[in-house]
Amino acid sequence: MHRQLADAGGLSLDGLPRTAPGLAPEPPGWDGQQRGEPGIHGVPRTRRWDAVATAMTPGLRGDVVHFAALPDGTLVVDEDEPDGALTPLADALEAALEPPYRAEAVRRTADTWAVAGRRVEVVAVPGLDGEQAELVVSAGDRSLTVDGLRRLGHAPALEAAGVRQGAEYVVRASRLDGELWEVEATPL
């Protein structure tokens, strides 16, 4: 009776699909299971954006524009664009995301843009010259590099951002405007 049921269902007695005479059986999947069985299909990517929106924005020159919103809502634009031209993009994004954030907008049609933003941490770092900084604290050693050159001295605001990550950390910072820097701290 088992053989009749298996034959009627197109299975062999071990539960595997039968193949037509002369054909090789279908190879199993990566985990030894038959194809069509659920399995792991890769590691999900981390989310790049916290919010995405579209907006009508006439008057922008390029096809891609990058900008940051400071905590007070002031926009800092990476490319040369007319004053106020990014306001519709920021308004659309700020319906779901409060400043400070970093954003990228891409032209979809002549005046329609897609804009995406992610939250950032902004700190004031008075007295630090340069555009890019990196502070590494590991095993009691402290190293501050600004624009690729090692510096003596301290940057207390960068240290405060790093200490929240633990005793050993890396803080990377990019100047946004004046004394305001976008920082990313990572534990070691």
Qualifying residue in region 78-97 (condition: under 20 Å from Glu184 (Cα atoms) and at pLDDT below 95): yes
Residues of region 79-94 that turn out to be touching a strand residue (DSSP E or B) at 6+ places or on another chain (Cβ under 8 Å), assigned to a loop (DSSP other than H, G, I, E, B) and closer than 12 Å to Ala105 by Cβ, as a count: 3
Within region 102-117, is even one residue surrounded by fewer than 14 Cβ atoms within 10 Å (Cβ to Cβ), assigned to a loop (DSSP other than H, G, I, E, B) and among the hydroxyl-bearing types (Ser, Thr, Tyr)? yes
I'm told Val170 meets every condition in (1) modelled with pLDDT under 95; (2) surrounded by 16 or more Cβ atoms within 10 Å (Cβ to Cβ); (3) in a strand (DSSP E or B) except one. Can you identify the failing condition by its number? (1)
Tell me which residues, restricted to region 142-167, are aliphatic (A, V, I, L, M), part of a loop (DSSP other than H, G, I, E, B) and in contact (Cβ under 8 Å) with a residue 12 or more places away in the chain. Ala155, Ala167
Candidates Ala139, Ala110, Ala85, Ala173 - the one that is small (Gly, Ala, Ser) and under 20 Å from the mean Cα position of the chain (by Cα): Ala173
Hits in region 47-69 - residues which are more than 12 Å from Ala116 (Cα to Cα) and part of a loop (DSSP other than H, G, I, E, B): Thr57, Pro58, Gly59, Leu60, Arg61, Gly62, Asp63
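So which of Leu135, Leu60, Leu128 ends up being without any contact (Cβ under 8 Å) to a residue 60 or more places away in the chain and either more than 26 Å from Val170 (Cβ to Cβ) or among the hydroxyl-bearing types (Ser, Thr, Tyr) (or both)? Steps first, answer last, please.
Numbers: Leu135 fails: either more than 26 Å from Val170 (Cβ to Cβ) or among the hydroxyl-bearing types (Ser, Thr, Tyr) (or both); Leu128 fails: either more than 26 Å from Val170 (Cβ to Cβ) or among the hydroxyl-bearing types (Ser, Thr, Tyr) (or both).
Answer to the check: Leu60.
The values are calculated or read from the model by the stated rules, or taken from the named source; none is laboratory data. Only a predicted model underlies this, so the values are computations on that prediction, with no experimental measurement involved. Note that we place each Cβ from the backbone using ideal geometry, even for glycine, and neighbour counts take in every protein chain shown.
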